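Peer 1: Take a look at this one; I'll ask things after.
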Amino acid sequence: MIKLTSLFIIIILSSGSLFSQLKIESIPNGKVMEFESKILNENKRVFVHFPNDYKTKSYPTIYLISSTPNDFRSAICQGEFIVIGIENNDPKKCFTGKYNRDDYLNFLKKELIPFVKTNYNSSPIKFISGHSISGGFVMDIFSRLPNSFSFYIATSPTIHMLDSTVIKTDFSKQRYLYFNIGSRENYEQLEKANNCLYDTLDSLKIKNLNWKYEVLTDETHETNEYTGFCRAYNFYKSFSTIPDSLLNENIHLIVEYINELNSQLGNKIEIGESVFMPNLLINLNAGNYDNVLDVIEFIAQKDTDFFNEESEIIIDIADELRNKGKDTFARKAYQLIFDETKNEIILEKIKELDKKE
(Lines give C-alpha, C1' and ligand atoms only; values in the text may rest on other atoms or scores of the structure.)
Protein backbone atom coordinates (compact mmCIF):
# COMPACT_ATOMS: atom_id res chain seq x y z
CA MET A 1 0.00 0.00 0.00
CA ILE A 2 1.25 3.48 -0.85
CA LYS A 3 2.41 5.55 2.12
CA LEU A 4 0.15 8.60 2.36
CA THR A 5 0.89 12.16 3.43
CA SER A 6 -1.52 13.98 5.70
CA LEU A 7 -3.50 14.91 2.62
CA PHE A 8 -5.26 11.76 1.43
CA ILE A 9 -8.49 10.42 0.05
CA ILE A 10 -9.95 6.99 0.51
CA ILE A 11 -12.07 5.95 -2.40
CA ILE A 12 -15.02 3.67 -1.93
CA LEU A 13 -16.53 1.71 -4.80
CA SER A 14 -20.26 1.91 -5.28
CA SER A 15 -20.41 -1.55 -3.70
CA GLY A 16 -18.70 -0.12 -0.63
CA SER A 17 -15.36 -1.93 -0.93
CA LEU A 18 -12.04 -0.15 -0.53
CA PHE A 19 -10.06 -0.28 -3.77
CA SER A 20 -7.43 2.46 -3.88
CA GLN A 21 -5.78 5.41 -2.25
CA LEU A 22 -4.50 8.63 -3.75
CA LYS A 23 -1.51 10.85 -3.17
CA ILE A 24 -2.40 14.37 -4.25
CA GLU A 25 -0.21 17.23 -5.48
CA SER A 26 -1.34 20.66 -6.61
CA ILE A 27 -1.06 22.16 -10.11
CA PRO A 28 -2.63 25.39 -11.40
CA ASN A 29 -6.42 24.96 -11.66
CA GLY A 30 -6.22 21.35 -10.60
CA LYS A 31 -4.28 18.54 -9.01
CA VAL A 32 -2.00 15.62 -9.76
CA MET A 33 -3.07 12.32 -8.25
CA GLU A 34 -1.24 9.05 -7.89
CA PHE A 35 -4.06 6.63 -8.55
CA GLU A 36 -3.65 3.02 -7.50
CA SER A 37 -5.38 0.74 -10.01
CA LYS A 38 -5.96 -2.81 -8.93
CA ILE A 39 -7.18 -3.75 -12.40
CA LEU A 40 -3.94 -2.60 -14.05
CA ASN A 41 -1.86 -3.57 -11.02
CA GLU A 42 0.02 -0.29 -11.15
CA ASN A 43 -0.17 3.33 -10.05
CA LYS A 44 -1.32 5.88 -12.60
CA ARG A 45 -0.58 9.58 -12.46
CA VAL A 46 -3.81 11.41 -13.19
CA PHE A 47 -3.99 15.15 -13.91
CA VAL A 48 -7.27 16.85 -13.08
CA HIS A 49 -8.15 20.37 -14.27
CA PHE A 50 -11.33 22.04 -13.04
CA PRO A 51 -13.54 24.89 -14.28
CA ASN A 52 -13.59 27.63 -11.64
CA ASP A 53 -17.24 27.02 -10.74
CA TYR A 54 -17.29 23.23 -11.00
CA LYS A 55 -18.48 22.90 -7.39
CA THR A 56 -21.73 24.69 -8.17
CA LYS A 57 -22.26 23.66 -11.82
CA SER A 58 -21.97 20.25 -13.42
CA TYR A 59 -19.64 19.86 -16.39
CA PRO A 60 -18.97 17.16 -18.98
CA THR A 61 -15.71 15.27 -18.55
CA ILE A 62 -13.01 14.76 -21.14
CA TYR A 63 -10.52 11.92 -20.63
CA LEU A 64 -7.13 12.61 -22.22
CA ILE A 65 -5.34 9.34 -22.86
CA SER A 66 -1.51 9.46 -22.53
CA SER A 67 -1.43 12.92 -20.99
CA THR A 68 1.04 15.17 -19.15
CA PRO A 69 0.62 17.78 -16.39
CA ASN A 70 0.78 20.58 -18.99
CA ASP A 71 -1.12 18.83 -21.76
CA PHE A 72 -2.05 21.38 -24.45
CA ARG A 73 -5.42 19.64 -24.78
CA SER A 74 -6.32 20.54 -21.21
CA ALA A 75 -5.47 24.19 -21.91
CA ILE A 76 -7.83 24.19 -24.91
CA CYS A 77 -10.66 22.51 -23.00
CA GLN A 78 -10.18 24.37 -19.72
CA GLY A 79 -13.33 26.04 -18.48
CA GLU A 80 -15.69 23.89 -20.53
CA PHE A 81 -14.88 20.46 -19.15
CA ILE A 82 -13.59 18.69 -16.10
CA VAL A 83 -10.35 17.50 -17.71
CA ILE A 84 -8.92 14.14 -16.66
CA GLY A 85 -5.47 13.44 -18.10
CA ILE A 86 -3.96 9.97 -17.63
CA GLU A 87 -0.22 9.44 -17.90
CA ASN A 88 0.93 6.44 -19.95
CA ASN A 89 4.69 6.28 -20.32
CA ASP A 90 4.46 3.25 -22.61
CA PRO A 91 1.27 3.44 -24.75
CA LYS A 92 2.40 0.47 -26.84
CA LYS A 93 2.42 -1.70 -23.72
CA CYS A 94 -0.98 -0.37 -22.62
CA PHE A 95 -2.83 -0.64 -25.91
CA THR A 96 -1.20 -3.36 -27.99
CA GLY A 97 -3.26 -6.51 -27.64
CA LYS A 98 -6.96 -6.84 -26.95
CA TYR A 99 -6.50 -7.98 -23.34
CA ASN A 100 -4.38 -4.93 -22.51
CA ARG A 101 -6.97 -2.63 -24.05
CA ASP A 102 -9.76 -4.44 -22.21
CA ASP A 103 -7.92 -4.04 -18.90
CA TYR A 104 -7.40 -0.33 -19.56
CA LEU A 105 -11.03 0.18 -20.48
CA ASN A 106 -12.08 -1.62 -17.29
CA PHE A 107 -9.73 0.63 -15.34
CA LEU A 108 -11.55 3.62 -16.84
CA LYS A 109 -15.08 2.28 -16.44
CA LYS A 110 -14.79 0.53 -13.08
CA GLU A 111 -12.23 2.63 -11.20
CA LEU A 112 -11.43 6.08 -12.59
CA ILE A 113 -14.79 7.17 -14.01
CA PRO A 114 -16.71 6.13 -10.84
CA PHE A 115 -14.14 8.05 -8.76
CA VAL A 116 -14.63 11.18 -10.87
CA LYS A 117 -18.40 10.83 -10.69
CA THR A 118 -18.33 10.45 -6.91
CA ASN A 119 -15.86 13.20 -6.10
CA TYR A 120 -16.43 15.90 -8.71
CA ASN A 121 -19.51 17.61 -10.06
CA SER A 122 -19.40 15.81 -13.41
CA SER A 123 -22.35 15.30 -15.73
CA PRO A 124 -23.01 11.93 -17.42
CA ILE A 125 -21.49 13.28 -20.66
CA LYS A 126 -18.00 11.92 -21.33
CA PHE A 127 -15.48 12.69 -24.10
CA ILE A 128 -12.29 10.73 -24.81
CA SER A 129 -9.19 11.76 -26.78
CA GLY A 130 -6.06 9.95 -27.88
CA HIS A 131 -3.25 10.25 -30.44
CA SER A 132 -1.42 7.55 -32.40
CA ILE A 133 -1.49 4.26 -30.43
CA SER A 134 -3.65 5.94 -27.79
CA GLY A 135 -5.91 7.11 -30.64
CA GLY A 136 -6.12 3.50 -31.77
CA PHE A 137 -7.39 2.63 -28.29
CA VAL A 138 -10.04 5.34 -28.61
CA MET A 139 -11.15 3.89 -31.96
CA ASP A 140 -11.21 0.39 -30.48
CA ILE A 141 -13.71 1.52 -27.84
CA PHE A 142 -15.74 3.32 -30.49
CA SER A 143 -15.93 0.27 -32.73
CA ARG A 144 -16.64 -2.33 -30.04
CA LEU A 145 -18.44 -0.43 -27.27
CA PRO A 146 -19.64 2.80 -28.88
CA ASN A 147 -22.02 3.77 -26.09
CA SER A 148 -19.20 4.08 -23.54
CA PHE A 149 -18.56 7.76 -24.40
CA SER A 150 -20.49 10.59 -26.03
CA PHE A 151 -17.69 11.99 -28.18
CA TYR A 152 -14.59 10.22 -29.55
CA ILE A 153 -11.50 12.12 -30.73
CA ALA A 154 -8.70 10.17 -32.38
CA THR A 155 -5.77 11.88 -34.12
CA SER A 156 -3.55 9.71 -36.34
CA PRO A 157 -5.10 6.57 -34.80
CA THR A 158 -3.20 3.33 -35.41
CA ILE A 159 -6.34 1.35 -36.15
CA HIS A 160 -4.34 -1.06 -38.32
CA MET A 161 -2.84 -2.40 -35.07
CA LEU A 162 -6.25 -3.46 -33.75
CA ASP A 163 -7.37 -7.06 -33.94
CA SER A 164 -10.32 -5.92 -36.01
CA THR A 165 -12.38 -2.82 -36.61
CA VAL A 166 -15.95 -3.96 -36.13
CA ILE A 167 -18.42 -1.13 -36.61
CA LYS A 168 -21.51 -1.41 -34.47
CA THR A 169 -24.62 0.08 -36.03
CA ASP A 170 -26.85 -0.05 -32.96
CA PHE A 171 -26.14 3.32 -31.39
CA SER A 172 -28.71 3.70 -28.63
CA LYS A 173 -28.07 7.45 -28.34
CA GLN A 174 -26.52 10.15 -30.47
CA ARG A 175 -22.74 9.72 -30.63
CA TYR A 176 -19.99 11.89 -32.12
CA LEU A 177 -16.71 10.85 -33.72
CA TYR A 178 -13.84 12.88 -35.11
CA PHE A 179 -10.69 11.28 -36.50
CA ASN A 180 -7.98 12.51 -38.82
CA ILE A 181 -4.51 11.91 -40.20
CA GLY A 182 -1.82 14.15 -41.66
CA SER A 183 -1.01 14.12 -45.36
CA ARG A 184 2.66 13.59 -44.48
CA GLU A 185 2.31 10.74 -42.00
CA ASN A 186 4.68 8.56 -44.08
CA TYR A 187 2.97 5.59 -42.49
CA GLU A 188 1.30 3.63 -45.26
CA GLN A 189 -0.57 1.13 -43.07
CA LEU A 190 -2.00 3.91 -40.90
CA GLU A 191 -3.12 5.98 -43.88
CA LYS A 192 -4.67 3.00 -45.66
CA ALA A 193 -6.56 1.81 -42.56
CA ASN A 194 -8.00 5.24 -41.77
CA ASN A 195 -9.06 5.88 -45.37
CA CYS A 196 -10.67 2.44 -45.43
CA LEU A 197 -12.56 3.20 -42.22
CA TYR A 198 -13.79 6.44 -43.76
CA ASP A 199 -15.15 4.53 -46.76
CA THR A 200 -16.85 2.03 -44.44
CA LEU A 201 -18.52 4.69 -42.29
CA ASP A 202 -19.56 6.66 -45.35
CA SER A 203 -21.26 3.60 -46.84
CA LEU A 204 -23.02 2.49 -43.65
CA LYS A 205 -24.93 5.73 -42.94
CA ILE A 206 -25.12 4.83 -39.27
CA LYS A 207 -28.11 6.23 -37.43
CA ASN A 208 -27.39 8.44 -34.41
CA LEU A 209 -23.75 8.98 -35.42
CA ASN A 210 -22.44 12.44 -36.29
CA TRP A 211 -18.87 12.06 -37.53
CA LYS A 212 -16.10 13.70 -39.49
CA TYR A 213 -12.83 12.50 -41.01
CA GLU A 214 -10.09 14.74 -42.39
CA VAL A 215 -6.68 14.40 -44.02
CA LEU A 216 -4.81 17.53 -42.91
CA THR A 217 -2.45 19.08 -45.43
CA ASP A 218 1.27 19.10 -44.54
CA GLU A 219 0.76 17.58 -41.09
CA THR A 220 3.13 14.82 -39.98
CA HIS A 221 2.41 12.12 -37.41
CA GLU A 222 4.00 14.33 -34.75
CA THR A 223 2.46 17.68 -35.67
CA ASN A 224 -0.99 16.20 -36.19
CA GLU A 225 -1.20 15.53 -32.46
CA TYR A 226 -1.61 19.30 -32.03
CA THR A 227 -3.30 20.46 -35.22
CA GLY A 228 -5.54 17.41 -35.31
CA PHE A 229 -6.90 17.99 -31.81
CA CYS A 230 -7.55 21.66 -32.59
CA ARG A 231 -9.55 20.57 -35.63
CA ALA A 232 -11.46 18.12 -33.45
CA TYR A 233 -12.22 20.89 -30.98
CA ASN A 234 -13.52 23.07 -33.83
CA PHE A 235 -15.79 20.20 -34.86
CA TYR A 236 -17.14 20.05 -31.32
CA LYS A 237 -17.65 23.83 -31.23
CA SER A 238 -19.59 23.67 -34.49
CA PHE A 239 -22.39 22.17 -32.39
CA SER A 240 -22.46 25.21 -30.12
CA THR A 241 -24.19 27.47 -32.64
CA ILE A 242 -27.52 27.35 -34.44
CA PRO A 243 -27.14 26.22 -38.06
CA ASP A 244 -28.34 28.81 -40.58
CA SER A 245 -30.63 26.17 -42.03
CA LEU A 246 -32.69 26.25 -38.81
CA LEU A 247 -33.23 30.00 -38.72
CA ASN A 248 -36.33 29.82 -40.92
CA GLU A 249 -37.90 27.07 -38.81
CA ASN A 250 -40.43 27.34 -36.02
CA ILE A 251 -38.85 28.59 -32.79
CA HIS A 252 -39.95 25.43 -30.96
CA LEU A 253 -37.96 23.24 -33.38
CA ILE A 254 -34.92 25.39 -32.65
CA VAL A 255 -35.47 24.99 -28.90
CA GLU A 256 -35.78 21.23 -29.36
CA TYR A 257 -32.51 21.18 -31.32
CA ILE A 258 -30.69 23.20 -28.65
CA ASN A 259 -32.02 21.11 -25.77
CA GLU A 260 -30.90 17.95 -27.53
CA LEU A 261 -27.38 19.30 -28.09
CA ASN A 262 -27.15 20.52 -24.52
CA SER A 263 -28.11 17.08 -23.23
CA GLN A 264 -25.78 15.22 -25.62
CA LEU A 265 -22.64 17.34 -25.35
CA GLY A 266 -23.00 19.34 -22.16
CA ASN A 267 -23.31 22.58 -24.12
CA LYS A 268 -24.86 25.58 -22.48
CA ILE A 269 -26.39 27.14 -25.58
CA GLU A 270 -29.01 29.77 -24.89
CA ILE A 271 -31.37 31.40 -27.38
CA GLY A 272 -30.95 35.15 -27.65
CA GLU A 273 -30.96 38.07 -30.04
CA SER A 274 -28.74 36.28 -32.57
CA VAL A 275 -31.56 33.77 -33.05
CA PHE A 276 -34.67 35.84 -32.36
CA MET A 277 -34.14 38.62 -34.88
CA PRO A 278 -33.00 36.51 -37.86
CA ASN A 279 -35.80 34.05 -37.14
CA LEU A 280 -38.39 36.84 -37.13
CA LEU A 281 -37.15 38.55 -40.29
CA ILE A 282 -36.46 35.41 -42.32
CA ASN A 283 -39.89 33.97 -41.55
CA LEU A 284 -41.58 37.31 -42.23
CA ASN A 285 -39.93 37.58 -45.65
CA ALA A 286 -40.69 33.94 -46.45
CA GLY A 287 -44.35 34.31 -45.57
CA ASN A 288 -44.15 31.90 -42.62
CA TYR A 289 -46.49 34.02 -40.53
CA ASP A 290 -47.37 31.33 -38.00
CA ASN A 291 -43.65 31.09 -37.21
CA VAL A 292 -43.51 34.87 -36.78
CA LEU A 293 -46.31 34.80 -34.23
CA ASP A 294 -44.78 31.86 -32.42
CA VAL A 295 -41.43 33.56 -31.94
CA ILE A 296 -43.08 36.80 -30.76
CA GLU A 297 -45.05 34.82 -28.20
CA PHE A 298 -41.94 32.86 -27.21
CA ILE A 299 -39.93 36.04 -26.59
CA ALA A 300 -42.76 37.55 -24.57
CA GLN A 301 -42.90 34.48 -22.32
CA LYS A 302 -39.21 33.57 -22.05
CA ASP A 303 -37.28 36.83 -22.40
CA THR A 304 -39.45 39.75 -21.36
CA ASP A 305 -36.46 42.07 -20.93
CA PHE A 306 -35.45 41.53 -24.55
CA PHE A 307 -39.08 41.89 -25.62
CA ASN A 308 -39.34 45.31 -24.00
CA GLU A 309 -35.91 46.46 -25.19
CA GLU A 310 -36.70 45.54 -28.78
CA SER A 311 -40.42 46.34 -28.69
CA GLU A 312 -40.10 48.96 -31.44
CA ILE A 313 -38.68 46.38 -33.87
CA ILE A 314 -41.36 43.89 -32.89
CA ILE A 315 -44.01 46.57 -33.49
CA ASP A 316 -42.47 47.23 -36.92
CA ILE A 317 -42.82 43.53 -37.71
CA ALA A 318 -46.47 43.57 -36.65
CA ASP A 319 -47.00 46.68 -38.83
CA GLU A 320 -45.40 44.87 -41.76
CA LEU A 321 -47.85 41.99 -41.30
CA ARG A 322 -50.63 44.56 -41.54
CA ASN A 323 -49.07 46.17 -44.63
CA LYS A 324 -48.98 42.75 -46.27
CA GLY A 325 -52.72 42.46 -45.72
CA LYS A 326 -52.33 39.77 -43.08
CA ASP A 327 -54.69 41.45 -40.65
CA THR A 328 -55.44 38.31 -38.64
CA PHE A 329 -51.74 37.74 -37.97
CA ALA A 330 -51.17 41.46 -37.32
CA ARG A 331 -54.06 41.51 -34.81
CA LYS A 332 -52.56 38.59 -32.88
CA ALA A 333 -49.12 40.17 -32.94
CA TYR A 334 -50.44 43.49 -31.68
CA GLN A 335 -52.29 41.70 -28.87
CA LEU A 336 -49.10 39.94 -27.78
CA ILE A 337 -47.27 43.26 -27.78
CA PHE A 338 -50.01 45.05 -25.85
CA ASP A 339 -50.29 42.29 -23.25
CA GLU A 340 -46.60 42.74 -22.52
CA THR A 341 -46.08 46.51 -22.90
CA LYS A 342 -49.56 48.04 -22.25
CA ASN A 343 -48.72 50.47 -25.06
CA GLU A 344 -51.80 52.63 -25.78
CA ILE A 345 -50.74 53.18 -29.41
CA ILE A 346 -50.84 49.41 -29.92
CA LEU A 347 -54.31 49.33 -28.35
CA GLU A 348 -55.50 51.84 -30.93
CA LYS A 349 -54.13 49.67 -33.75
CA ILE A 350 -56.02 46.71 -32.34
CA LYS A 351 -59.23 48.73 -32.30
CA GLU A 352 -58.67 49.83 -35.90
CA LEU A 353 -58.34 46.23 -37.03
CA ASP A 354 -61.38 45.21 -35.01
CA LYS A 355 -63.47 47.91 -36.75
CA LYS A 356 -62.47 46.52 -40.16
CA GLU A 357 -63.98 43.19 -39.22
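The values are calculated or read from the model by the stated rules, or taken from the named source; none is laboratory data. Everything quoted here is computed from the prediction, not taken from an experiment. For neighbour counting, all protein chains shown are included, and Cβ atoms are generated from backbone atoms with ideal geometry for every residue, glycine included. Just so you know, the surface numbers come from the protein's heavy atoms only, side chains and all, with ligands and any DNA or RNA stripped out. Shrake-Rupley method; radii C 1.70, N 1.55, O 1.52, S 1.80 Å.
Peer 1: Given the convex hull over the Cα atoms of the chain, what projected area results after averaging over all orientations, in nm²?
Peer 2: If I average the Cα hull's projected area over directions, I get 23.1 nm².
Peer 1: While we're here: At 222 nm, what helix-only mean residue ellipticity would the chain give, in deg cm²/dmol to the nearest 500, using -39500 (n - 2.57) for each DSSP H run of four or more?
Peer 2: That comes out to -14000 deg cm²/dmol.
Peer 1: Cα axis of helix 188-204 to longest principal axis of the chain: angle in degrees, 0 to 90, nearest 10?
Peer 2: For 188-204 against the chain, the angle is about 40 degrees.
Peer 1: Ordered by packing density, taken as the mean number of other Cβ atoms within 10 Å over each peptide's residues, highest first, how do 34-47, 330-343, 132-145, 259-272 rank?
Peer 2: So the order, starting with the most tightly packed, is 132-145, 330-343, 34-47, 259-272.
Peer 1: Taking K and R as +1 and D and E as -1, what net charge do the other residues with C-beta under 10 Å from the C-beta of Y233 add up to?
Peer 2: Charge balance near Y233 sits at +2.
Peer 1: Hey, another quick one. With +1 on each Lys and Arg Cβ and -1 on each Asp and Glu Cβ, how big is the dipole of the chain about its Cα centre, in debye rounded to the nearest 20?
Peer 2: Roughly 1620 debye for the chain.
Peer 1: Here's something else I'd like to know. Over its Cα atoms, what ratio of radius of gyration to 2.2 N^0.38 Å does the stretch 131-272 give?
Peer 2: Scaled against compact globular proteins, the figure is 1.12.
Peer 1: Still on this structure, please answer the following. Of all beta bridges DSSP finds with both residues in the stretch 44-91, what is the antiparallel percent, to the nearest 5?
Peer 2: In the stretch 44-91, DSSP labels about 40 percent of beta bridges as antiparallel.
Peer 1: Placing +1 on the Cβ of each Lys and Arg and -1 on the Cβ of each Asp and Glu in the chain, which of S183, F306, S123 has its Cα farthest towards the positive end of the resulting dipole?
Peer 2: S123
Peer 1: Can you work out D for the stretch 34-175 in µm² s⁻¹ from Stokes-Einstein, where Rh is the Kirkwood radius over C-alpha pairs, the temperature is 25 °C and the viscosity is 0.890 mPa s?
Peer 2: Answer, rounded: 160 µm²/s.
Peer 1: Largest first and in whole Å, give the semi-axes of the stretch 192-324's equivalent ellipsoid, each being the square root of 5 times a Cα gyration tensor eigenvalue.
Peer 2: So the three semi-axes of the stretch 192-324 are 40, 16, 14 Å.
Peer 1: Also, quick follow-up: Taking 0.36 nm per intervening residue step and subtracting the Cα-Cα distance, what contour gain separates S274 from E260 on full extension?
Peer 2: 3.1 nm
Peer 1: Calculate the FRET efficiency for N186 and N208 from the Cβ-Cβ distance with a Förster distance of 35 Å, rounded to the nearest 0.05.
Peer 2: With R0 = 35 Å, the Cβ-Cβ based efficiency is 0.45.
Peer 1: What distance in nm lies between label points placed 7 Å from Cα along the C-beta direction at K237 and H252?
Peer 2: Here the modelled spin labels are 3.4 nm apart.
Peer 1: For L209, which sequence-distant residues (separation of 5 or more, or a different chain) have an amide H within less than 5 Å of its own amide H, given hydrogens modelled in the peptide plane?
Peer 2: Here the answer is R175, since their amide H atoms fall under 5 Å of that of L209.
Peer 1: Can you pull the Rg over Rh of the stretch 266-357, Cα-only, Kirkwood?
Peer 2: 0.99
Peer 1: If you don't mind, there's one more thing I want to ask. So what's the stretch 204-264 giving for Cα Rg divided by 2.2 N^0.38 Å, two decimals?
Peer 2: Computed over Cα atoms of the stretch 204-264, the ratio equals 1.48.
Peer 1: Take the Cα pairs of the stretch 110-154, get the Kirkwood Rh, then feed it into Stokes-Einstein at 25 °C and 0.890 mPa s and tell me D in µm²/s.
Peer 2: 218
Peer 1: Once the Cα atoms of helix 273-286 and of the chain are each reduced to a long axis, what angle between those two axes, in degrees from 0 to 90 to the nearest 10, is obtained?
Peer 2: 50
Peer 1: Could you work out the pair-distance distribution P(r) of the stretch 151-226 from its alpha-carbon pairs, with 10 angstrom bin width and percents rounded to whole numbers?
Peer 2: Values per bin, smallest distances first: 18, 51, 26, 4.
Peer 1: How long are the three semi-axes of the equivalent ellipsoid of the stretch 47-88, in whole Å, if each is the root of 5 times an eigenvalue of the C-alpha gyration tensor, listed from largest down?
Peer 2: 18, 9, 8
Peer 1: Ordering Y236, Y198, Y213 from largest to smallest accessible area (1.4 angstrom probe), what's the sequence?
Peer 2: Result, largest first: Y198, Y213, Y236.
Peer 1: Considering the dipole of the chain built from charges on the beta carbon (Lys and Arg +1, Asp and Glu -1) around the Cα centre, which of F151, S238, I254 is farthest to its positive end?
Peer 2: F151
Peer 1: Nearest 20 debye, what's the magnitude of the dipole of the stretch 160-289 about its Cα centre given +1 on Lys and Arg Cβ and -1 on Asp and Glu Cβ?
Peer 2: It works out to roughly 380 debye.
Peer 1: If you take the Cα Rg of the stretch 110-195 and divide it by 2.2 N^0.38 Å, with N the number of residues, what do you get?
Peer 2: 1.19
Peer 1: Also: At what distance in nm do the modelled label points of D53 and T200 sit from each other, each positioned 7 Å from its Cα along Cα→Cβ?
Peer 2: It works out to 4.3 nm between the two label points.
Peer 1: Further question: About its Cα centre, how strong a charge dipole does the stretch 212-357 have in debye, to the nearest 20, once Lys and Arg get +1 and Asp and Glu get -1 at the Cβ?
Peer 2: So the dipole magnitude of the stretch 212-357 works out to roughly 440 debye.
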